[in-house]
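Trainee: Sharing a structure here in structure tokens format.
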Amino acid sequence: MDFNLQTYQAEQLLHLGVSPSRRICVQQNSAHRWLEIDGVVQSAMVRAAPQQLCLPHQQAIANLLPARAERILELGLGGGDIGRHLLGRWPEASLDSVDLDAEVISLYRDFFMTTGSAERQCLHQADALAFLLEQSGDYDLILVDLFSQDGNPPLLFSPHFYQALASRLRGELIINLLPRTGRERDQVLLLVERWIGQPQLRGVPGCINQIVHARQA
């Protein structure tokens, strides 16, 4: 069941936060609940099946997942769509989810976190790079889904970020990228190849998202 805002019209507004810098809301109808920031749907959940993925780029990510992962790091939380899917897919897995935005974390807890997931999911309000540098453990799978209001944050083009990722990764890396230019895309690919391993790039039909996948060399 794909989520399409033109097809699924909102019936109830659950949250609205407005500031000079952004507008964030949570809406739902009988089938879906979704998180919207500045008019863009960031996350969508099937209410009757919270572990099911709705958005095309998420389904592309799911196709690249390894057969198994026990310790997972998610940098960028949003509505937690991928995290819910992973906890359902791998009942023995544990998940660390990191987001700098306190409001996003609060909305996730209130509207998108499923019963029982708190036992296997730890939420961290932190800068992604700072979190990587402060951690001592390793991860089988790291998912990067970081965005700023004008696209990808500068951190995604920093060698220090990929060096820190490499120090925590003992498996596979997946990045959801929204490159504004070919140069941005190529910069990420070069950094992944240098610090992680040979990258693969997958487009998402009908979307500007490009998914970067690499296994640690």
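The values are calculated or read from the model by the stated rules, or taken from the named source; none is laboratory data. As the structure is a computational prediction, the values presented were derived from the model and not from experiment. With ideal geometry, Cβ positions are generated from the backbone for all residues, glycine too; neighbour counts draw on all protein chains shown. Remember, those area values only see protein heavy atoms, side chains included, never the ligands or the DNA or RNA. Shrake-Rupley method; radii C 1.70, N 1.55, O 1.52, S 1.80 Å.
Trainee: If you count, for each residue, the other Cβ atoms within 10 Å and average over each peptide, how do 63-71, 23-31 line up from highest to lowest?
Mentor: Per-residue Cβ counts within 10 Å, averaged per peptide and sorted highest first, yield 23-31, 63-71.
Trainee: Could you work out the helix-only [θ] at 222 nm for the chain, with each DSSP H run of four or more residues adding -39,500 (n - 2.57) and the total divided by the number of residues, to the nearest 500 deg cm²/dmol?
Mentor: -7000 deg cm²/dmol
Trainee: Another question about this same structure. Which of the following values of Cα extents along the principal axes in Å was calculated from the structure shown: [x] 60, 47, 25; [y] 48, 39, 32; [z] 52, 41, 36?
Mentor: [y]
Trainee: With only Lys, Arg, Asp and Glu charged, each at its Cβ (+1 for the first two, -1 for the last two), find how big the charge dipole of the chain is about the Cα centre; round to the nearest 20 debye.
Mentor: Value, rounded to 20: 380 debye.
Trainee: Another question, then. Would you mind classifying segment 41-121 by shape? Square roots of the alpha carbon gyration tensor eigenvalues, ordered a ≥ b ≥ c; an a/c under 1.5 is rounded, otherwise it is prolate if a/b is larger than b/c and oblate if not.
Mentor: Because its axes are fairly even, with a/c under 1.5, segment 41-121 counts as rounded.
Trainee: Follow-up question, since we're still on this one. Show me, for segment 45-52, the HN-Hα J-couplings you get by feeding each phi into the Karplus relation (A = 6.51, B = -1.76, C = 1.60, θ = phi - 60°), rounded to Hz, glycine and proline as x.
Mentor: 10, 6, 5, 7, 8, x, 7, 7
Trainee: Report the extension gain between LEU190 and ALA48 in nm, rounded to one decimal, defined as 0.36 nm multiplied by the number of residues separating them, less their alpha carbon distance.
Mentor: So the chain would gain 47.0 nm between LEU190 and ALA48.
Trainee: In whole Hz, what ³J(HN,Hα) sequence does segment 132-139 give by Karplus (6.51, -1.76, 1.60; θ = phi - 60°), x for Gly and Pro?
Mentor: 4, 6, 8, 7, 10, x, 10, 10
Trainee: For segment 1-97, what is the largest minus smallest coordinate of the Cα atoms on each principal axis, given in angstrom and ordered from greatest to least?
Mentor: That gives 40, 29, 20 Å along the principal axes, largest extent first.
Trainee: Right, here's the next one. Go through ALA48, GLN216, TYR108 and say which Cα lies farthest out towards the positive end of the charge dipole of the chain; charges sit on Cβ, +1 for Lys and Arg, -1 for Asp and Glu.
Mentor: Of the candidates, GLN216 comes out farthest on the positive side.
Trainee: Largest first, how would THR181, THR115 line up by accessible area (1.4 Å probe)?
Mentor: Details: THR181 70, THR115 145 Å².
So, going from the largest accessible area down, we get THR115, THR181.
Trainee: Using only the Cα atoms of segment 76-194, what are the Rg and Dmax in Å?
Mentor: Cα-based Rg and Dmax for segment 76-194 come out at 14.5, 43 Å.
Trainee: Moving to a separate point now. Per residue of segment 149-158, in order, report the coupling 6.51 cos²θ - 1.76 cosθ + 1.60 (Karplus, θ = phi - 60°) as ³J(HN,Hα) in whole Hz, putting x for Gly and Pro.
Mentor: Computed from phi, the couplings for segment 149-158 are 5, 10, x, 6, x, x, 4, 5, 10, 9 Hz.
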